Every structure is written in structure tokens, then in C-alpha cells.
Amino acid sequence: MQNIHLINECIQASDRFNINSQLEHLQAKYVGTGHADLTRFEWAVNIQRDSYASYVGHYPMLAYFAIAENESIGRERYNFMQILMC
């Protein structure tokens, strides 16, 4: 029974190493995935900034937000750009 437990621990450790090496590979290959020293706050800010930039760049999403907030499309674009500049 102990041998099975020991084998499971070894498998889990190798899986963790494999996942970390895959993450490092993705972070090196793609610019937007951050790096190993990225804090949780910095990561969240990057996600928020990317989301607002996407909303401004995709007219249907911008129109959706404008209708949902009962604002003009230009006003929504302006508001999103103000958030991006902060």
C-alpha cells in the first residue's frame, strides 16, 4: 500500500514539473502571457486592459455596451479609452 502512495506522489510531482515547464514555454512564446515574476495584481490589470482594448476595437461589443448602458457608442468608446489611459 505504501508503494502505491509513493508512486502517486512521484506522478504528481512530475505532473507539476511538466505543467510548470509548459507554462514557461508558453510565456516565452507568447507576449501576452506574462512572465514568472508577474504578480497577481499585474496579471489582473493586464487582463482588464486587454478586455477594454478589445471592447473598443470590436464595434459589435461596443454597440452592445452602449445599448446596455443607454449611452451613445461614441460616449462608451470615450469612457473605455479613459479607463485604458489610467
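Listed by position, the helices (runs of 4 or more DSSP H) contained in the chain that have at least 3 residues being at pLDDT below 85 are 2-29.
Within the range 69-81, residues that are in contact (Cβ under 8 Å) with a residue 24 or more places away in the chain reach partners that are of a type outside the set (F, W, Y) and crowded, with 17+ Cβ neighbours inside 10 Å with beta carbons closer than 9 Å, at six or more positions or on different chains, in the pairs F80/V56; F80/L62; M81/V56. Within the range 43-74, the residues that satisfy the criterion of being surrounded by fewer than 12 Cβ atoms within 10 Å (Cβ to Cβ) and more than 23 Å from the chain's Cα centre (by Cα) are I67, A68, E69, N70, S72, G74.
The values are calculated or read from the model by the stated rules, or taken from the named source; none is laboratory data. For clarity, every value in this text was computed on a predicted model and none was experimentally measured. No Cβ is skipped: glycine too gets one built from the backbone with ideal geometry, and neighbour counts run over all protein chains shown.
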